[in-house]
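All of the numbers you see were taken from the coordinates with simple rules; none came from a lab. Since we're looking at a predicted model, the values are computed, not measured. Don't worry about glycine lacking a Cβ; one is built from the backbone with ideal geometry, like all the others, and counts go over all protein chains shown.
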Amino acid sequence: MSGAKITGGCQCGAVRFSVERLGRASICHCRMCQKAFGAFYGPLVTVHGLTWTRGEPARYASSNLVRRGFCAACGTPLTYERDKGIDVAIGALDDPTLAAPVIQVNPADKLPFVDGIPALPMRGPEEAPASEAFKAQVVSHQHPDHDTTVWPPTAA
């Protein structure tokens, strides 16, 4: 993908980035990705032409070959960095639909219940009013999915 501006960042907005183009998107099942993302797997996309446009991530050497970037303020996982390149967390993109995964890697560490997730029941419409009432009370402090000149916004 090229041409359109590809941007992203952390949840709090302290770290923002842009990339020139995206490469291969993957789902990594390794135990290090599970821990780094606090999830069942790590969704990552190789990027080219990465520029930090606000702040820069803190980094943790999760192995002798890989550093992982994250926001020191809010903890959002941001990068998987190695000598041969850099991947960003797909969920950190402002438009994660740009990076649909095309491959799964490290299947030996795949959690046994992951393939069954799509078959789990969804919350039914009868539960929607309670969910909607809860969501109506939420005041988000999350950075919006686009670049901002100033963040956090100044109080009115």
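The ranking of Tyr60, Tyr80 from fewest to most other beta carbons within 10 Å of each one's beta carbon is Tyr60, Tyr80. Under a 5 Å amide H cut-off, with hydrogens placed 1.01 Å from N, Ile6 pairs with Val19 among residues at least 5 apart or on other chains. Which shape class applies to the chain: rounded if a/c is under 1.5, otherwise prolate when a/b exceeds b/c and oblate if not, where a ≥ b ≥ c are the square roots of the Cα gyration tensor eigenvalues? It comes out oblate by the Cα gyration axes.
The alpha-carbon of Lys35 sits under 17 angstrom from the alpha-carbons of these aspartates and glutamates, leaving out residues fewer than 8 places away in its chain: Glu81, Asp87, Asp109. Only beta bridges with both residues in the chain are counted; by DSSP, about 90 percent of them are antiparallel.
Full extension of the chain segment joining Thr97 with Trp151 gains 17.0 nm, where the gain is 0.36 nm per residue of separation less the Cα-Cα distance. A cut-off under 14 angstrom between Cβ atoms defines the neighbours of Leu111, and their net charge, with Lys, Arg +1 and Asp, Glu -1, is +1. With helices as the sole contributors, the chain gives -3000 deg cm²/dmol at 222 nm; each DSSP H run of n ≥ 4 counts as -39500 (n - 2.57), and the sum is divided by every residue. Classify the stretch 87-145: rounded, prolate or oblate, from the alpha-carbon gyration tensor (a ≥ b ≥ c, eigenvalue square roots; a/c under 1.5 rounded; otherwise prolate if a/b is larger than b/c)? Because a/c hits 1.5 or more and a/b fails to exceed b/c, the stretch 87-145 counts as oblate.
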